[in-house]
Amino acid sequence: MHPFSYSRPASLAEAVALLAERGPDARVLAGGTDLIIRLRDESMAPGLVIDVKRIPELAPGIRVDGDCLIIGATTVMTDIAAHPVVRRDLAALADAAAVVGSVQIRNRATIGGNLCNASPAADTAPALLVHGAIAVAAGPDGVRRIPVDELFVRSGVTTLVRGELVTAVEVPLPADRIASVHQRRTRRRGHDLASVTLACGVDRAGVARIAYGSVGPRPLLRLDATGVLADPGASDEAKAAIFETIFADASPSARSMRAGPDYRLAMLRVLGRRALAAALGRLAAGE
Ligand SMILES: Cc1cc2nc3c(=O)[nH]c(=O)nc-3n(C[C@H](O)[C@H](O)[C@H](O)COP(=O)(O)OP(=O)(O)OC[C@H]3O[C@@H](n4cnc5c(N)ncnc54)[C@H](O)[C@@H]3O)c2cc1C
């Protein structure tokens, strides 16, 4: 492993100052389930690793604040999957957090790390996109609230600027709730990232939201405001036509070791149909 210095600041200001000073030579460490692997295989070789788990603003915790749910950046998947408000109002996020890696990984893996690693296969990303989540970022110029859809660029690259880190994720809890579901495909053996990851949300106004990942450089969010997908009476042909538009920008790599492009594109359609049916079921059941 390439040698590096380790810092564990107790304040946000100190962490921001270190990140601003060192730029790309510094990396944030949260749960370490992505970063430690990258340090070991030397695909990342920062001179400074900044452990953010002592910073109060990033502390783990989930709380309702007005019409938002605030999730601290270092909250782990186990706690997200078990939280009663997440399970009731953001079901796709609970579903997604519950399938990340293994028990051991879920006890370490944070929501901030899942977003900032910016893997196209990040399992919480589609659910956060469907629910209109916002990443709260602190940096040298203060606090920015970045819609998650504007955070991803490509694998490992976000729109965070030098000196910024994510302190929390805010998810709106609208009065007209969104019934949502997360689905994914993985290889059958071992704990692996998804070959396809997808979330679907529907509301009573008839808007369907589909977000999907692992089929291109970044997760994508698409909306169907025509009402066709959310209409239980619409024909399969009409729904298939909308799905074709929604999935038009999927561009899976031919070089991936996980699955070929044809398989991923076929599974995207299967998961889309399944997730839509399940989300409509949850909406009808008032879940
Ligand atoms: C065996 C295994 C299985 C896995 N399975 C899955 C899976 O099924 N689904 C899935 O989505 N992921 C999976 N992962 C990936 C990983 O567990 C998740 O992405 C996890 O959420 C990362 O969180 P972390 O806290 O461990 O991040 P870290 O490793 O600490 O950090 C990841 C990256 O984000 C940056 N970062 C972390 N926190 C912040 C912050 N607050 N602000 C700015 N930058 C930050 C770090 O600098 C680093 O570049 C798996 C990993 C392993 C090893």
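The values are calculated or read from the model by the stated rules, or taken from the named source; none is laboratory data. Since the model is a prediction, treat every value here as computed from it, not as a measurement. Please note: Cβ atoms are built from the backbone with ideal geometry, for glycine as well, and neighbour counts cover all protein chains shown. Remember, those area values only see protein heavy atoms, side chains included, never the ligands or the DNA or RNA. Shrake-Rupley method; radii C 1.70, N 1.55, O 1.52, S 1.80 Å.
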For a quick check of your reading of the model, give me the residue pairs whose first member lies in the range 240-262 and is more than 16 Å from Pro120 (Cβ to Cβ) and of a type in the set (Val, Ile, Thr), whose second is at pLDDT below 95 and open to solvent by less than 60 Å² (accessible area, probe 1.4 Å), with beta-carbon atoms closer than 9 Å and at least 6 apart or on different chains. Ile242/Ala234
Among the residues of the range 66-73, is there at least one that is more than 13 Å from the ligand (Cβ to nearest atom), at positive phi, open to solvent by 50 Å² or more (accessible area, probe 1.4 Å) and not acidic (Asp, Glu)? yes
Specify the residue that is nearest to Gly101 (Cα to Cα); the eligible residues are those in the range 25-51 that are in contact (Cβ under 8 Å) with a residue 12 or more places away in the chain and in a helix (DSSP H, G or I). Leu35
Is it true that some residue in the range 30-40 is in contact with a His (Cβ under 8 Å, 6 or more places away or on another chain), within 12 Å of the ligand (Cβ to nearest atom) and open to solvent by less than 60 Å² (accessible area, probe 1.4 Å)? yes
Quick check: is even one residue across the range 109-118 among the β-branched types (Val, Ile, Thr), over 24 Å from Ala285 (Cα atoms) and touching a residue at least 40 places away in the same chain (Cβ under 8 Å)? yes
Would you say Asp249 is open to solvent by 40 Å² or more (accessible area, probe 1.4 Å), in a loop (DSSP other than H, G, I, E, B) and touching a strand residue (DSSP E or B) at 6+ places or on another chain (Cβ under 7 Å)? yes
Exactly one of (1) more than 10 Å from the ligand (Cβ to nearest atom); (2) among the β-branched types (Val, Ile, Thr); (3) open to solvent by less than 80 Å² (accessible area, probe 1.4 Å) is unmet by Val52. Its number? (1)
Within the range 221-239, work out how many residues are of a type outside the set (Asp, Glu) and either in a loop (DSSP other than H, G, I, E, B) or surrounded by 24 or more Cβ atoms within 10 Å (Cβ to Cβ) (or both). 10
Those residues of the range 185-213 which are small (Gly, Ala, Ser) and either open to solvent by 10 Å² or more (accessible area, probe 1.4 Å) or modelled with pLDDT under 90 (or both) amount to Gly190, Ala194, Ser195, Ala205, Gly206
For the range 192-218 the number of residues that are within 13 Å of the ligand (Cβ to nearest atom) and closer than 13 Å to His131 by Cβ is 1
Leading residue by the ranking (nearest to the ligand (Cβ to nearest atom)) among those in the range 81-117 that are within 16 Å of Leu129 (Cα to Cα) and β-branched (Val, Ile, Thr): Ile111
Test Ala91 against the stated conditions and say whether it is over 9 Å from the mean Cα position of the chain (by Cα) and within 19 Å of Gly286 (Cα to Cα). yes
Counting only residues in the range 252-268 that are at pLDDT below 95 and in a helix (DSSP H, G or I), the one least open to solvent (accessible area, probe 1.4 Å) is identified as Arg264
Does Arg54 meet the test of being without any contact (Cβ under 8 Å) to a residue 60 or more places away in the chain and within 21 Å of Ala118 (Cα to Cα)? no
